[in-house]
Amino acid sequence: MYGPIAILYGVAKGVLRVALINKDAQASLVPVDYCANVTIACAWKTIKENQEGRRQKEPTIYHLSVDEGNKLSHRDFIQYALDGRKQCPLTKMIWYPFIVCLSSTWLFPIAAFFLHIVPGFFFDFALRLSGRKPRLLNTYRKVHKTLSVLGPFSKNSWVFDMRNTDHLRHLMSEEDRRMFAFDMDRLDWQGYFRNALLGMRLYLGKEAPTPLSLSKGLQLIERLRIIHFCLMILLCWIAGFFLFWLTKLLVKF
């Protein structure tokens, strides 16, 4: 549970509500299947060159990243994550899935305190009262550590030289290119994330995507959505009342 799939699961579970992400930056995501395929292709090319007596003095470096013609922004990635609310919601969420993306390193701890630590404290307090072991604050410590590691990658755009990888693919036969696919230009991101969300639900959430399970998830997320927006309205009203009271107090002085 790490990287982009962990973010998908955290959002779907209703645990991850704020992250250090620049939504306008380009996401350097690659399906692990493609990584395995390009590794096999590298081995094939290396052996072939050695057999032909063309062993190179320096090893060739192969990069695999998002293609220029098929870019994926973090904004798109977050939207695909939120699409899971309608496609395959979990049946064991602790809150309505949403996420606030911040690129400011000084603003993130403040937002994390109000959106993670404070709710986590009350959630763990309720677990203690029911005789169960508190766990959410400890989970948030791990989440924040992971987000700090991912920060440089989620806040910036990265450009990789794909010429060697493209040349490798062109050397392969049409059948091999189909069997060991790693053409990032042809990757269907929408279909990829649809499968990723179903895999996240099955292997991390331990919930098979059966019609009954999906129906329960949709019912739960609808209830949580109503509660979430009612709470937002209440908090906005309290904040407005406090500002009104504070303004009135300042006018007196």
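The values are calculated or read from the model by the stated rules, or taken from the named source; none is laboratory data. Just so you know, these numbers come straight off a predicted model, no measurement behind them. Because the Cβ atoms are built from the backbone with ideal geometry, glycine has one as well, and the counts that use them run over all protein chains shown. Calculation scope for accessible area: heavy atoms of the full protein, side chains included, ligands and nucleic acids excluded. Shrake-Rupley method; radii C 1.70, N 1.55, O 1.52, S 1.80 Å.
Taking the range 118-155 on its own, how many of its residues are open to solvent by 60 Å² or more (accessible area, probe 1.4 Å), more than 23 Å from Lys23 (Cα to Cα) and part of a helix (DSSP H, G or I)?
8
Among the residues that make up the range 156-164, is at least one of them open to solvent by less than 70 Å² (accessible area, probe 1.4 Å), in a helix (DSSP H, G or I), among the basic types (Lys, Arg) and over 20 Å from Gly3 (Cβ atoms)?
No, the range 156-164 contains no residue that is open to solvent by less than 70 Å² (accessible area, probe 1.4 Å), in a helix (DSSP H, G or I), among the basic types (Lys, Arg) and over 20 Å from Gly3 (Cβ atoms).
Go through (1) open to solvent by 40 Å² or more (accessible area, probe 1.4 Å); (2) of a type in the set (S, T, N, Q); (3) in a loop (DSSP other than H, G, I, E, B); (4) modelled with pLDDT of 90 or more and name the single condition Thr39 misses.
So the condition that Thr39 fails would be (3).
Could you check Lys71 against (1) open to solvent by less than 50 Å² (accessible area, probe 1.4 Å); (2) under 23 Å from Leu8 (Cβ atoms); (3) of a type in the set (Lys, Arg) and say which number it fails?
(1)
Quick check on the range 153-168. Is at least one of its residues of a type in the set (A, V, I, L, M), in contact with a helix residue (DSSP H, G or I) (Cβ under 6 Å, 6 or more places away or on another chain) and at pLDDT 90 or above? Can you show your working first?
Step one: filter the range 153-168 for residues of a type in the set (A, V, I, L, M), giving 159, 162, 168.
Right, trim to in contact with a helix residue (DSSP H, G or I) (Cβ under 6 Å, 6 or more places away or on another chain) and you get 168.
From what's left, at pLDDT 90 or above: 168.
Looking through the range 153-168, at least one residue is of a type in the set (A, V, I, L, M), in contact with a helix residue (DSSP H, G or I) (Cβ under 6 Å, 6 or more places away or on another chain) and at pLDDT 90 or above.
For the range 180-204, what are the residues that are free of Cβ contacts under 8 Å to residues at least 12 places away in the same chain and open to solvent by 50 Å² or more (accessible area, probe 1.4 Å)?
Hits for the range 180-204 are Asp188, Asn195, Leu202, Tyr203.
Only residues that are hydrophobic (A, V, I, L, M, F, W, C) and in contact with a strand residue (DSSP E or B) (Cβ under 7 Å, 6 or more places away or on another chain): list them for the range 26-55, please.
Taking the range 26-55 and keeping what is hydrophobic (A, V, I, L, M, F, W, C), we get 27, 29-30, 32, 35-36, 38, 40-44, 47.
Once the filter is applied, which keeps residues that are hydrophobic (A, V, I, L, M, F, W, C) and in contact with a strand residue (DSSP E or B) (Cβ under 7 Å, 6 or more places away or on another chain), the range 26-55 yields only Ala27.
Just one of the numbered conditions (1) modelled with pLDDT of 90 or more; (2) assigned to a helix (DSSP H, G or I); (3) among the charged types (D, E, K, R) is not true of Glu207; which one?
For Glu207, the failing item is (2).
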